[in-house]
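Undergrad: Below you'll find the structure I mean.
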Amino acid sequence: MSAGTDGRQPVTSTPMRAAIARRMVQSKQQVPHFYVTSEIEVDALMAAAERHNEGRTKEQRATLTAYLLRAVATTLVRHPEFNAVWNGETLERWDDVNLGVAIAVDDGLIAPALLDCARRDVDDLAMGLGDLTARTRAGRLKAPEMTDATFTLSNLGMFEVSQFTAIVTPPQVAILATGRGYERPVVHEGQVVVRRVMQATISADHRAVDGAGAARLLGTLKELVEAPGGWAPGAG
């Protein structure tokens, strides 16, 4: 590759980058997106994770993403219309919750499926996510992991990103984008207090689902994350 006379350097797209470009253009051209955002307090969930991980090695620790995967999977069981794919004119609901997880690789972004998430606890999801990430970057994904995602979580909480919106990956009908937890003043029972909050934005296909349904889904997710007792290890 040589620089042009004006200093510009043409960069040829890799096959992965070209495939991503085609899929994203297809999605934005053919899928009527809509977006719903909710602010979720994450203090209780982060405290649960800290208690659960106390004394554990780095390899044994359950990340906040694993906790979010468990909460999202439980939410989708209660809102099965979002755990689905759109096949032309029909919505096909899946019994298994196979969560696509956005994973950065050298020349793009892949969202392989972490399979059967609704039947897995936080520690199992953390181990599965670590294995899935390693095999994704090594190019050793299994066929169902590349084709059977029913909903995707894109979490940029590990970066200095407060909020973003994601593009639906067809034939899935929705994707959830979550940012970092950050402190801000909120009002509780008439008092201003500081809480750590996270912005969660669902992007959805309006052919298959609607805004009221997305709002109900985010309401369930908010309830689970803000009151994690009963499902999250380490919760008080």
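The values are calculated or read from the model by the stated rules, or taken from the named source; none is laboratory data. Remember, predicted model here, so these are calculated numbers, not experimental data. When we count neighbours, we look across all protein chains shown, and the Cβ atoms used for this are built from the backbone with ideal geometry, even at glycine. Each accessible area value is taken on the protein alone, full model and side chains, heavy atoms only, with ligands, DNA and RNA left out. Shrake-Rupley method; radii C 1.70, N 1.55, O 1.52, S 1.80 Å.
Undergrad: Where a ≥ b ≥ c are the square roots of the eigenvalues of the C-alpha gyration tensor, would you call region 8-79 rounded, which needs a/c under 1.5, or, failing that, prolate if a/b is larger than b/c, or oblate?
TA: In terms of gyration-tensor shape, oblate.
Undergrad: A follow-up question, please. How big is the dipole moment of the chain about its Cα centre under a simple scheme where the beta carbon of each Lys and Arg is +1, that of each Asp and Glu is -1, and everything else is neutral? Debye, nearest 20, please.
TA: With only Lys, Arg, Asp and Glu charged at Cβ, the dipole is about 480 debye.
Undergrad: Same structure, new question: Any idea how far the Cα center of region 202-236 sits from the one of region 1-62, in Å?
TA: The distance from the Cα centre of region 202-236 to that of region 1-62 comes to 20 Å.
Undergrad: Arranged from highest to lowest average of other beta-carbon atoms within 10 Å per residue, in what order do the peptides 58-71, 186-199 appear? Provide the component values of the computation, followed by the final result.
TA: Working: 58-71: 19.5, 186-199: 12.4.
Ranking the peptides 58-71, 186-199 by packing returns 58-71, 186-199.
Undergrad: Let me ask something additional. Enter the accessible area per residue of the chain (Å², integer; probe 1.4 Å; all protein chains in place).
TA: Per-residue value: 53 Å².
Undergrad: Mind giving me the nanometre distance, one decimal, between the label points for D116 and T147, set 7 Å out from Cα along Cα→Cβ?
TA: 1.9
Undergrad: Of the accessible area of region 73-124, with the probe set at 1.4 angstrom, what percent is carbon plus sulfur? Before the final figure, lay out each step's value.
TA: Numbers: 1150 of 2500 Å².
Answer for region 73-124: carbon and sulfur cover 46 percent of the accessible area.
Undergrad: Now for a separate question. So which aspartates and glutamates pass the test for K222, namely a Cα distance under 20 Å, with those fewer than 8 places away in the same chain ruled out?
TA: Here the aspartates and glutamates satisfying the reach criterion relative to K222 are E39, E41, D43, E50, E81, D121, E183, E189, D210.
Undergrad: Between beta-carbons, use under 15 Å as the cut-off and find the net charge around K142, counting Lys and Arg +1, Asp and Glu -1.
TA: Spelling it out: positives minus negatives among the neighbours equals -2.
Undergrad: Where both partners of a DSSP beta bridge lie in the chain, what percent of those bridges are antiparallel, to the nearest 5?
TA: Once the DSSP bridges in the chain are tallied, antiparallel ones form about 80 percent.
Undergrad: May I ask you to derive the relative contact order of the chain, considering only C-alpha pairs under 8 Å and at least 6 residues apart, and to give it as an integer percent?
TA: Value for the chain: 29 percent.
Undergrad: Now for a separate question. Among 20-31, 216-227, 172-183, how do they line up from the highest to the lowest mean number of other beta-carbon atoms within 10 Å? Each step should come with its number before you reach the end.
TA: Values: 20-31: 13.2, 216-227: 18.6, 172-183: 21.6.
Per-residue mean Cβ counts within 10 Å order the peptides as 172-183, 216-227, 20-31.
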